[in-house]
1. Please compute the length gained on full extension between V138 and V195, using 0.36 nm multiplied by the number of residues separating them and subtracting their Cα-Cα distance.
2. With a cut-off of 13 Å, note down the residues of the stretch 213-250 whose backbone N falls inside the zone around a label point 7 Å from the Cα of A80 toward its beta carbon.
3. Under a GNM of the chain (C-alpha, springs under 10 Å), which listed residue has the highest mean-square fluctuation: G56, G161, G174?
4. Heavy atoms only, 1.4 Å probe, whole protein assembly: order M243, M87 by accessible area, highest first.
5. Given labels modelled 7 Å from the Cα in the Cβ direction, how far is it in nm from V43 to V58?
6. Give me the percent of accessible area attributable to carbon and sulfur for the chain, probe 1.4 angstrom.
7. In deg cm²/dmol and to the nearest 500, what is the mean residue ellipticity at 222 nm of the chain if only DSSP H runs of at least 4 residues count, each as -39500 (n - 2.57), divided by the residue total?
8. I'd like the orientation of helix 188-217 relative to the chain: the angle between its Cα long axis and the longest Cα principal axis, in ° from 0 to 90, rounded to 10.
Amino acid sequence: MADLRSSNPALRPGSFAPPPTPTPEQLSSQFRQPTTLTVDDVVVHTLGLFAVLGIGAVGGWLIGPDAPGIALGAGLVALALSLVLSMRGTIRPSLVIAFALIEGVAVGAVSRYFEDAFAHIVPQALLGTGLIFVAMLVAYRSRRLRATPRMARIVTGVLFGVVLLGLADLVVRGVSDSHLPVINDPSPLGILFSVVVLGVASLQFILDFDGIERAIQAGAPRSEAWRAAFGLLIGFVWVYLEMLRLLSKLRQ
């Protein structure tokens, strides 16, 4: 092969100085991995859990029509896992991944039910949930909304209230042909109930953002990224399901 040389005298061989030899300190800082929680850790773990949730949702979507009880069974198992994870001092990644997969099955089956009843409602609910997430993030970053102990009490209370109402509705449906009107009926009271619950559920994102920011500032270990991703996943699913419920009432 011919020896290719530049005709520019400034680029003659030997005109470029060799790179300096890095010091041991520079090499150490270049390859050292962070030992505390970072935003990148939270983003990566959250995206990973959403991928697992999506896989479960596809399964729930496909088998939901042939197994009507799959949504209820998967939802109850996911609820039990979420309680276990919330009460544990240390988070177990395997349980978080299992929760995301099982929760995905429940969400997929529920989504298929609503989509069969109201065409194109699932894309609308996903878009609405995404817009709420972005709006809450902007409100938090701009300091327009801040997490307070009172907000935490309200959000937690409403979350447990919605879960208990849902379980009560299942019991009523199981022992009779009736249901709880405030949860399902497209009446003015039922729509107002869904709007209020959706608004409170949206505030869960503010609490999650605040908790993640505090953990990063406190130098929490990187393993806490699983807890942060778990919290964001719960908030997103809650808002999405409430959005589905509200849109279904408005579509009736």
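1. Fully extending the segment from V138 to V195 adds 18.4 nm.
2. None, by backbone N distance to the label point.
3. In this elastic network of the chain, the residue with the biggest mean-square fluctuation among G56, G161, G174 is G174.
4. Largest to smallest exposure gives the sequence M87, M243.
5. Here the answer is 2.5 nm between the modelled labels.
6. On the way: 10150 of 14810 Å².
With neighbouring chains kept in place, the figure for the chain is 69 percent.
7. Roughly -25500 deg cm²/dmol at 222 nm, from the helical runs in the chain.
8. Orientation of helix 188-217: about 30 degrees from the principal axis.
The values are calculated or read from the model by the stated rules, or taken from the named source; none is laboratory data. All figures in this text were calculated on a predicted structure; none of them were measured in a lab. With ideal geometry, Cβ positions are generated from the backbone for all residues, glycine too; neighbour counts draw on all protein chains shown. For the accessible areas, the whole protein counts, side chains as well, though only heavy atoms, and no ligand, DNA or RNA atoms are used. Shrake-Rupley method; radii C 1.70, N 1.55, O 1.52, S 1.80 Å.
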